[in-house]
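Values quoted throughout were computed directly from the atomic coordinates according to the rules given, and no laboratory measurement underlies them. Remember, predicted model here, so these are calculated numbers, not experimental data. Cβ coordinates were reconstructed from backbone atoms using ideal geometry, including for glycine residues, and neighbour counts include every protein chain displayed.
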Amino acid sequence: TAREQMYSMGINPEDYRIVVAKGVSSPRPAYQPIAAEIIIVNSPGVTSADLDTFEFHNRRIPLYPFEEPDYTP
C-alpha cells in the first residue's frame, strides 16, 4: 500500500496531523484506516477525477459511469 512505501523510508504517517497523498482513488484504501478525514481535491489535467471535463470521441455506448450498462446477468 501507499503507507508501506512511507514505512519503508522510515516515515510513520500515524505520527503526523496532516498527510497529503496524490492519486484519484488508490490512496483511499491505504489511508482510510488511520484518517480522521479524507479531503478529495480535484486537480485539472489528464488525471482529473471529474470525467465531465474530458471530451470523448468515438467511445462505446453504454460506457459506465456515463450510461448504465445494458445487460442481464
* To do: Within 10 Å of each residue's Cβ, count the other Cβ atoms and sort 19, 41 from fewest upward.
  => 41, 19
* **At 1.306 mPa s and 10 °C, Stokes D of the chain from Kirkwood alpha-carbon radius, µm² per second** => 103 µm²/s
* So what is the 222 nm mean residue ellipticity for the chain from helices alone, if each DSSP H run of at least 4 adds -39500 (n - 2.57) and you divide by all residues, rounding to the nearest 500 deg cm²/dmol? -> -3500 deg cm²/dmol
* Structure fact -> Lys and Arg at +1, Asp and Glu at -1: neighbours of residue 30 with Cβ under 14 Å from its Cβ sum to +1
* In order through the range 31-40: 3J(HN,Hα) via Karplus (6.51 cos²θ - 1.76 cosθ + 1.60), integer Hz, x for Gly, Pro -> 9, 3, x, 10, 9, 6, 7, 10, 10, 8
* Name the residue farthest towards the positive end of the dipole of the chain from the options 45, 20, 69, assuming +1 on Cβ of Lys and Arg, -1 on Cβ of Asp and Glu, about the Cα centre. => 20
* Only Cα pairs under 8 Å and at least 6 apart count here; give the relative contact order of the chain as a rounded whole percent. => 19 percent
* To do: For the range 17-23, just list the computed ³J(HN,Hα) in residue order, Karplus coefficients 6.51, -1.76 and 1.60, θ = phi - 60°, integers in Hz, with x standing in for Gly and Pro.
  => 6, 10, 10, 9, 10, 9, x
* To do: Could you calculate the contour length gain from residue 12 to residue 39, that is, 0.36 nm times the residue separation minus the distance between their Cα atoms, to one decimal place in nm?
  => 7.7 nm
* Out of every Cα pair in the range 2-43, what percent are spaced more than 15 Å from each other? -> 38 percent
* Asked: GluC sites (Glu not before Pro) within the chain: which are DSSP loop residues with at most 13 other Cβ atoms inside 10 Å?
  -> 37, 55, 67
